[in-house]
Amino acid sequence: MAFKCNFYFDDQTGLLNSEVSVMLNELCEHIGKYLKLDGVFNLSASVVDLDTIHEINKKYRSIDRPTDVISFAYEDVEEKNELGFRDLGDILISLDVLKKQAKEFNHKDERELSFLFIHGFLHLLGYDHVKDEKEAEEMYRIQNEILNSFNYDFKDLWGELCSI
């Protein structure tokens with residue numbers, strides 16, 4: 001069986017253009033093919049504001065500050081559920097932190113969004129960068145390889161990611 005991603009996107013800020021959902025869906029497919037994943041995967045991503053990500057970080061991670069991305073995994077093992085698919089979880093991305101980091105690193109907003117989405121996706125697959133330095137190196141290596149191999153035409157998004 002080949003990789004199939006059932007991807008759901010929610011722009012909770014109401015500021016992103018519709019092309020963002022298309023881009024993230026293509027990135028989801030790219031990640032699955034790059035990692036040679038097999039089967040059907042469900043995944044959702046939401047873009048939220050600074051207050052929302054701060055509140056979620058505080059409530060669920062006991063960290064009293066906003067962050068760029070948070071992942072909530074729905075499963076702990078690599079098993080399909082009784083319906084035959086893997087329900088990976090949710091990725092939450094802060095639009096405010098994304099825009100700040102893009103400016104700080106002199107990236108396009110779309111590149112930063114892609115970077116954060118890949119980061120969150122890898123966490124949902126069990127990659128970690130907190131506990132072990134070797135795991136962190138591996139995660140960041142894979143993350144950068146995926147990002148650098150993603151050939152999305154950003155022309156429709158460049159400077160048009162959102163209305164702010």
Criterion violated by L125 - all others in (1) within 17 Å of the chain's Cα centre (by Cα); (2) within 16 Å of V20 (Cα to Cα) satisfied: (2)
Candidates L147, L116, filtered to the one that is under 18 Å from A73 (Cβ atoms) and of a type in the set (A, V, I, L, M): L116
Subset of the stretch 135-157 (residues that are modelled with pLDDT under 90 and either surrounded by fewer than 12 Cβ atoms within 10 Å (Cβ to Cβ) or in contact with a helix residue (DSSP H, G or I) (Cβ under 7 Å, 6 or more places away or on another chain) (or both)): N151, Y152, D153, F154, K155, D156, L157
Any pair with Cβ under 8 angstrom, 6 or more apart, that starts in the stretch 120-141 at a residue that is closer than 22 Å to L98 by Cβ and ends at one that is of a type in the set (A, V, I, L, M) and open to solvent by 80 Å² or more (accessible area, probe 1.4 Å): A136/V130
Where a residue in the stretch 57-69 is within 23 Å of E112 (Cα to Cα) and its partner, wherever it lies, is surrounded by fewer than 18 Cβ atoms within 10 Å (Cβ to Cβ) and not charged (D, E, K, R), with Cβ under 6 Å and at least six apart: N57/I63; N57/T67; P66/L50
First in the stretch 14-39 and in contact (Cβ under 8 Å) with a residue 60 or more places away in the chain, second anywhere and open to solvent by 40 Å² or more (accessible area, probe 1.4 Å) and not in a helix (DSSP H, G or I), Cβ under 6 Å, 6 or more apart: L15/S163; L15/I164; N17/E160; L24/F9
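The values are calculated or read from the model by the stated rules, or taken from the named source; none is laboratory data. Model, not experiment: these values are computed from the prediction. Here the Cβ is made from the backbone with ideal geometry for all residues, glycine too, and neighbour counts use every protein chain on show. Each accessible area value is taken on the protein alone, full model and side chains, heavy atoms only, with ligands, DNA and RNA left out. Shrake-Rupley method; radii C 1.70, N 1.55, O 1.52, S 1.80 Å.
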